[in-house]
Amino acid sequence: MSEIHGAVGAYVMNALDGHELDEFQNHLAGCATCQREVIEFRETATAMSLLTQTAPPPALKDSVMAAIAGVRVLPPVDDAVDAEQAEAEPRRDDVPVGTDKTVEPVDELAVRRQRRMTRVLSLAVAAVTVVALMLGGWVVSLSQRPPVASATAETELLRAPDLKAYTIDLKSGGKATFIASKSLNKAMFSGGDLPALKDNQTYQLWTLSGPLAAPTRVTPDALVGSGNAVKQWFTGPVAQSDALAISIEQAGGASVPTNVQGATAF
């Protein structure tokens, strides 16, 4: 990913997968600018989601269509007329000899494009104004709802001052990223290109205490499905743990890991 800072929007909209997702999440843990932008994108997306939660009034479509029908349509652009108008613009060789006035050369193509753009924008503004007027009452009714929470759980995790993120290669293929904050007692697993398992198998998360090579406590956690972009919250005692791990187990999970795919201390 050549411009990793430009992937914030795609990340928020869950449009990254595989290596791109792992690369961005690893970058995100140490980039305050991207963390701030992710928070802002999520807050905006959450606020906009209200539009999908409230159905518009039944008469809204008829009102909008009737109003649009009354908007005067601008005539089509006549390139010949534009050319004549461009020819009428003063050129450097039109200035009488001996005058002190300097006239900059005219870009005829730019002039024509500007006129065409002005007409298009005028029509667009008119249409948007009509729709805005028709939607006025509906938007007001939305604004009177209780305010949406300013941040999701993931946004809160990204804001944590002790946020840590680790990306590792898994034994059977794919990559895993662990994002954790002990102060919030929260951790998230994110997997890219996790190999598909048999019908009677599942991925399982674990929290561990003590040294990674010889943990004193191993606690089974959430089950995880396979796929290109998988996210799963840990449900166990993250604040009291020293490492996180993922394994492949029989469907339904296990009480003790049997096929560990990867682990990391944090």
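Considering amide H positions built from the backbone, and no H for Pro or chain starts, which residues 5 or more places from residue 217, or on another chain, come under 5 Å of its amide H?
Correct list: 209.
Would you kindly derive the ³J(HN,Hα) couplings of segment 168-180 from the backbone phi angles with the Karplus curve 6.51 cos²θ - 1.76 cosθ + 1.60 (θ = phi - 60°), listing them in order in whole Hz, with x for Gly and Pro?
Going residue by residue, I get 10, 8, 8, 4, 9, x, x, 10, 9, 10, 10, 10, 9 Hz, with x marking Gly and Pro.
Along segment 12-29, what does the Karplus equation 6.51 cos²θ - 1.76 cosθ + 1.60 (θ = phi - 60°) give for ³J(HN,Hα), rounded to whole Hz, x for Gly and Pro?
4, 8, 6, 9, 9, 8, x, 4, 4, 5, 4, 5, 5, 5, 5, 5, 4, 4
Summing +1 for each Lys or Arg and -1 for each Asp or Glu, what net charge is found among the other residues whose Cβ lies under 11 Å from the Cβ of residue 257?
-2
For segment 177-266, what is the relative contact order in percent, using Cα pairs closer than 8 Å and at least 6 residues apart in sequence? Spell out each step's value before the answer.
On the way: 218 pairs, mean separation 29.6, N = 90.
It rounds to 33 percent for segment 177-266.
A short reminder: the numbers here are calculations on the coordinates, not readings from a lab. Not measured: the values here are computed from a predicted model. Cβ atoms come from the backbone with ideal geometry, glycine included; neighbour counts cover every protein chain shown.
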